[in-house]
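Below: one structure, written as structure tokens.
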Amino acid sequence: DQQVKQNSPSLSVQEGRISILNCDYTNSMFDYFLWYKKYPAEGPTFLISISSIKDKNEDGRFTVFLNKSAKHLSLHIVPSQPGDSAVYFCAAIIGGTSYGKLTFGQGTILTVHP
Amino acid sequence: DAGITQSPRHKVTETGTPVTLRCHQTENHRYMYWYRQDPGHGLRLIHYSYGVKDTDKGEVSDGYSVSRSKTEDFLLTLESATSSQTSVYFCAITQGSGNTIYFGEGSWLTVV
């Protein structure tokens, strides 16, 4: 049972345009959500997170939106750059007792073309 | 940089042999984790530790054991490796609030 799903295996965008990566979850107990970026042969790196008490969090070119009623979150990258080409994972956690135990989506491969 | 070092970074082993992966951290983090990454599955938690000699199972713990005899080292052991354990293994730690984890560089394991 995949509790966190990224239904788009890949996304291709032009440099300078917006990249939108989507993530859906089924467990209503999740109350904290994170996005990680992963380059080949490297470990995932933390990008941005959002608590369930918010519906938006912004950090530079990266914005995460959370729609709790739809159990959906998205990561917006504006403007997209070729260096953003990587695999993006969304992750969710039940805060408190689930300390550090994240549930990940399958990942979306983002390719940004110059 | 989370101060995590994984070893070995790459290993090829034969089915049925024991394998131990090591995660070493230098910043006295209490919580440590082992995840595996496989196509179509994202990352899945194998085992985690919340202190010296305190460990617990994650989502995909069958076939794996762990040990943490000192704060800085968290070992993952495959007692008898199988081809289904061919994967990339990531160690991770928790910093600060505990909801965000930070990963090491990964250990690529191939079981032939």
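Quick check on B:Gln85: is it more than 9 Å from chain A (Cβ to nearest Cβ), over 26 Å from A:Asn7 (Cα atoms) and open to solvent by less than 30 Å² (accessible area, probe 1.4 Å)?
No; evaluated as a whole, the condition is false for this residue.
For segment A:71-114, give me each residue that is small (Gly, Ala, Ser), closer than 17 Å to A:Ser51 by Cβ and away from every other protein chain (no Cβ under 14 Å).
Scanning segment A:71-114 gives a single hit, A:Ser74.
Return the total of residues in segment A:30-45 being hydrophobic (A, V, I, L, M, F, W, C), part of a strand (DSSP E or B) and within 15 Å of B:Cys91 (Cα to Cα).
0
What pairs can you find where one residue is in segment A:3-25 and farther than 9 Å from A:Gly105 by Cα and among the charged types (D, E, K, R), the other is part of a loop (DSSP other than H, G, I, E, B) and open to solvent by 40 Å² or more (accessible area, probe 1.4 Å), and their Cβ atoms are less than 7 Å apart, with a gap of 6+ or different chains?
Cβ pairs passing all conditions: A:Glu15/A:Gln81; A:Glu15/A:Pro114; A:Arg17/A:Pro79.
Filter segment B:89-106 down to residues that are at the interface with chain A (Cβ under 10 Å from one of its Cβ atoms), open to solvent by less than 20 Å² (accessible area, probe 1.4 Å) and not in a loop (DSSP other than H, G, I, E, B) and give me whichever is nearest to A:Asp31 (Cα to Cα).
The qualifying residue nearest to A:Asp31 (Cα to Cα) is B:Ile101.
State yes or no: is A:Pro9 in contact with a strand residue (DSSP E or B) (Cβ under 7 Å, 6 or more places away or on another chain), over 24 Å from A:Lys101 (Cβ atoms) and within 11 Å of another protein chain (Cβ to nearest Cβ)?
The answer is yes for A:Pro9.
Does segment A:33-51 contain at least one residue that is of a type in the set (D, E, K, R), in contact with a helix residue (DSSP H, G or I) (Cβ under 9 Å, 6 or more places away or on another chain), within 14 Å of another protein chain (Cβ to nearest Cβ) and closer than 20 Å to B:Tyr35 by Cα?
yes
Among the residues of segment A:52-70, which ones are within 14 Å of another protein chain (Cβ to nearest Cβ), open to solvent by less than 70 Å² (accessible area, probe 1.4 Å) and part of a loop (DSSP other than H, G, I, E, B)?
Correct list: A:Ser52 only.
Would you check if B:Thr55 is farther than 29 Å from A:Trp35 by Cβ and either among the aromatic types (Phe, Trp, Tyr) or away from every other protein chain (no Cβ under 12 Å) (or both)?
no
Looking at segment A:31-51, which of its residues are buried (at least 16 other Cβ atoms within 10 Å of the Cβ) and not aromatic (Phe, Trp, Tyr)? Don't jump to the end; show me each part of the working.
In the first step, residues of segment A:31-51 are kept if they are buried (at least 16 other Cβ atoms within 10 Å of the Cβ); the result is A:31-38, A:43-44, A:46-50.
Across segment A:31-51, the qualifying residues are A:Asp31, A:Leu34, A:Lys37, A:Lys38, A:Gly43, A:Pro44, A:Leu47, A:Ile48, A:Ser49, A:Ile50.
Test B:Leu76 against the stated conditions and say whether it is under 30 Å from A:Asp31 (Cβ atoms) and assigned to a strand (DSSP E or B).
yes
The values are calculated or read from the model by the stated rules, or taken from the named source; none is laboratory data. Only a predicted model underlies this, so the values are computations on that prediction, with no experimental measurement involved. Note that we place each Cβ from the backbone using ideal geometry, even for glycine, and neighbour counts take in every protein chain shown. SASA here: full protein model, heavy atoms, side chains in, ligands and nucleic acids out. Shrake-Rupley method; radii C 1.70, N 1.55, O 1.52, S 1.80 Å.
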